[in-house]
Amino acid sequence: MRVDSDSEVPNSFIVAPTNGVVYSVKKNVDHNIFGKGLSEVRVSSMWLNEFGLGFPLEGEVRGLKSREGKSFFRLFKKGLESDEKLHVHAKLLEIEGKCGQEVGLEFIKCELGFDVDLWVKPGDRGKRAARFGYFPFGGTVLIYLPPHFDVLISQGDRCIQGSTPIAVQLGRNH
């Protein structure tokens, strides 16, 4: 299933913020910034198909943080466990949807790439799929969704920024 940013798909859907391949989907994950009991979707963004980053939902940037640390090679099959993530170079972005949904994005620099370039700051607003940055030569994007979302994609699926639905908010008309 694909959606257009201008389609009639309800705001309860979250779309992929980047092009890439889903490496893992985990449930009941705790994150020191985004909260507890979350779903985590790990997407590897490759340097040949990276064309920018887009809002996964219509909303407002609530937080932007940087964490200094080591790079992570995006093709490693191993997971990024909570204690390992605390030592990996990343930028973290919190977005609140206009329906109250909160989505966390963690952009992890790859050893073979550059740091993510985000063009937003807290208070900025964007429509679903609106460009907000670029990940030169790709990296790893971790998407954190609250427990009231049903993840629609699986390991091995390919994502297209702005058009691949990755989750839907439960209990909403869709």
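The values are calculated or read from the model by the stated rules, or taken from the named source; none is laboratory data. Since the structure is predicted, the reported quantities are computational estimates derived from the model, not experimental observations. Glycine gets a Cβ as well: all are built from the backbone with ideal geometry, and neighbour counts include every protein chain shown.
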Quiz prompt | Long-range neighbours under 7 Å by Cβ, at least six apart or interchain, first residue surrounded by fewer than 16 Cβ atoms within 10 Å (Cβ to Cβ) within the range 1-29, second at pLDDT below 70 | solution = P10/R172; P10/N173; P10/H174
Quiz item: Would you say R42 is charged (D, E, K, R), modelled with pLDDT of 95 or more and not in a loop (DSSP other than H, G, I, E, B)?
Solution: no
Self-check item: Hits in the range 87-119 (condition: in a loop (DSSP other than H, G, I, E, B) and either under 12 Å from the mean Cα position of the chain (by Cα) or not charged (D, E, K, R) (or both))
Solution: H87, H89, C99, G100, Q101, C110, L112, G113, F114, V116, W119
